[in-house]
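Okay, so here's the structure we're looking at.
The values are calculated or read from the model by the stated rules, or taken from the named source; none is laboratory data. All values derive from a computational prediction rather than experimental measurement. Cβ placement follows ideal geometry from the backbone for every residue including glycine, while neighbour counts extend to all protein chains displayed. All accessible areas refer to the heavy atoms of the entire protein, side chains included, with ligands and DNA or RNA removed. Shrake-Rupley method; radii C 1.70, N 1.55, O 1.52, S 1.80 Å.
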Amino acid sequence: MNLFRTSTALALAALSLAVVPGTAQAHEGDHPFANCTEAYDNGYANIAEGDEHYGGHLDRDKDGIGCDQPPADFEPAEDTADDATDDTTDDTDLAATGGNSTTPYLAGGGAVVLLAGGGLLIAVRRRRTTQE
């Protein structure tokens, strides 16, 4: 039984290591920025209180507008609100979960790891039954 636990632990560790590089998340706009530097780097400044990017920690003077002192080299993000009504939008089969082109490879790698662990488990059990 100890070998089963070890094989399972190794399979889970390998799977988690295979997934880690693909889990880095870009800012998708469903949460406030960590700080104003991140907001400026993503092209956001003067973030109003009702905006999805707003957070109280971004509004130092508590006037309802966060990150209201952009640096001199600040470049605002392009407005994509008009693109939502455009008929040329790219429809993909991916859900809005952050999947990208590496997702199938990560899933395939995980499947290979699980299959290899299962094969190893079966081989060890067969060896045990032939030795007894």
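If the chain between Thr102 and Arg125 were fully stretched, how many nm would it gain, using 0.36 nm times the residue separation less the Cα-Cα distance?
Working: separation 23, 0.36 × 23 = 8.28 nm, distance 3.49 nm.
Extra length from Thr102 to Arg125 when fully extended: 4.8 nm.
Given the Cα-Cα distance of Asp51 and Glu38 and 0.36 nm per residue of separation, how much length would full extension add, in nm?
3.1 nm
Quick check: pseudo-label points 7 Å beyond the Cα along Cα→Cβ at Arg60 and Val112, how many nm apart are they?
The answer from the label model is 5.0 nm.
With Cβ to Cβ distances under 15 Å as the rule, what net charge do the other residues near Glu49 carry (K, R +1; D, E -1)?
Values: positive: Arg60, Lys62; negative: Asp51, Glu52, Asp59, Asp61, Asp63, Asp68.
Combined, the nearby Lys, Arg, Asp and Glu give -4.
Go through Ser7, Ser16 and list them by solvent-accessible area, largest first, probe radius 1.4 Å.
Values: Ser7 20, Ser16 60 Å².
If we order Ser7, Ser16 from most to least accessible, we get Ser16, Ser7.
Thr8 accessible area, nearest 10 Å², 1.4 Å probe?
60 Å²
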